[in-house]
Structures are given as C-alpha cells and as structure tokens.
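The values are calculated or read from the model by the stated rules, or taken from the named source; none is laboratory data. Bear in mind the structure is a predicted one, so any value in this text is a computation, not a measurement. Here Cβ is always computed from backbone atoms with ideal geometry, including for glycine, and neighbour counts include all displayed protein chains.
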Amino acid sequence: MREDSGIPFESQMEPLEWAKFVVRTRSEKNYSSAFSILSASANKGSSNAEFYLGLLYSRGQGVQKDLSAARFWFERASEGGDLGAMYFLGKMYSRGYGAEKDMDKAVLFLSAPADMGDPRAQYELGLIFFDGESSKKDLRAAVKMFTAAAESGHSEAQFTLGQLYKTGYGVEKDTSKALDWLTSAAMNRHRGAQILLGNMYDAGDGVPVDKEEADRWYSMGNDTVISAL
C-alpha cells in the first residue's frame, strides 16, 4: 500500500484526490505517480486534472519546468471552467511568463475569478489598472480591486491601499484609513508594512512620535525576516 505523509493511497483517498494532495503538499517522492494519475485523468477531460498538470509544469514538480506546457494545460482547464487555471493564465499573460505579454488576455482571464471573489485575481487586476499598460490605466478600478482583495485578507493589497491613502494617490488622502490598512497588512506579517509603520511612528509622519511603538513594529519586521529564513 502506497503511503503519503501517513495517508494510505487506496483506502482513504481517490487516486485523483491523492495526486492533487501530492502537488499541494509538494511531496517529492510521489511526483511520478501523481503525474501519471493526473495525465490519465486530464486525457479523459478532467479540467481539475488539467489544472494540476499545469501547476506541475509551472513549478517543475517532478517534471522539467516548462511554462509553455503549463500554459497549454491551464488553457485546457480554463475551457472547462476552472477558475484557478484562469487566474494563473491571467498572471502569465500579464507578466509574459510562458507567453507573449498580452494585457487584454490577462484582464479577460483574471476577470472571472475576480468576480467570484478570488483575492489573488482581484489584486492582479488592480495592478494592471494601476500600472496602465495597454491603455488599461484606471485608478478608480484599481482601488476597487485592491479594496476587494484587501477586505479578503490579501496582505499585498492591504499594504498597497495603505500607501495610496497615505499619499492620496488615486484616493482622497486619509491617514486614518492608511493606518488601518497598513496595520492589517503588518499583522498579516507583511514586512514592508511593519517597517513603514515603524518609520511613521519614529518620525511622526502622520502620527504622533512614539519611539516605543516604532520599535515594536521594527522588531516585528525583524522577526518576520527571521521566520522566513
């Protein structure tokens, strides 16, 4: 009986679910078996298996990293309605990974998962509207996407919103909202937010000077670095 992290393959998990578990947990010793299961399921038209094959190729898990192959499987999965595949395709097209950069396609693929509440897709759309490549610049739309992602706990979106409200770029300047979003990001272990809050309290930038509070955020930022090592 095959085992993975103590979970018997035949008795407790269906083959496809086990293969997906292997990909999610990055269980290297089982990549070969998982790849075989996913390939068989994908060739039978399982969009979920197609998506996970795309992940294997995009990460180089048990196979040679191949972004073109990843895009192929993500596209197959997206045709079957897989929202995760749409998110990754949108990201690939927005950054030119494994495909020619195409912001129109990026927006097209990211929109469906963003509409369904995926904070990752919302944040990526926000970046596209914020940067304005391919005539997509729309600060109001960017703030809307960042806010939706931030409200779902996306730390990068929270940090971005905090900076926008701090500077008044794209929104009305609001120190209170800036502090709220920066604090949310910092509590989600975003080191940039932790250091920025430390700087603000150290210099009295929009807040009263408070050296103890500054040191608290600096310390938290250092702890975040250590835990990531």
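Results, tabulated for the structure shown:
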{"quantity": "Selection within the range 187-216 - aliphatic (A, V, I, L, M), in contact with a helix residue (DSSP H, G or I) (Cβ under 8 Å, 6 or more places away or on another chain) and either outside any helix (DSSP H, G or I) or more than 23 Å from GLU151 (Cβ to Cβ) (or both)", "calculated": "ILE195, VAL207, VAL209, ALA214"}
{"quantity": "Leading residue by the ranking (nearest to the chain's Cα centre (by Cα)) among those in the range 93-112 that are within 22 Å of SER46 (Cα to Cα) and crowded, with 24+ Cβ neighbours inside 10 Å", "calculated": "LEU110"}
{"quantity": "Residue within the range 110-120 that is touching an Asp or Glu at 6+ places or on another chain (Cβ under 6 Å), closer than 24 Å to ALA70 by Cβ, not assigned by TED's automatic domain parsing to the domain that holds GLU75 and not small (Gly, Ala, Ser) present", "calculated": "yes"}
{"quantity": "Near pairs, Cβ below 7 angstrom, 6+ apart or cross-chain, from the range 16-44 (under 16 Å from ALA77 (Cα atoms) and assigned by TED's automatic domain parsing to the domain that holds GLY54) to any residue that is of a type in the set (Asp, Glu) and modelled with pLDDT of 95 or more", "calculated": "ALA42/GLU50"}
{"quantity": "Checklist (1) over 19 Å from TYR201 (Cα atoms); (2) in contact with a helix residue (DSSP H, G or I) (Cβ under 7 Å, 6 or more places away or on another chain); (3) outside any helix (DSSP H, G or I); (4) not hydroxyl-bearing (Ser, Thr, Tyr) applied to PHE146, failing item", "calculated": "(3)"}
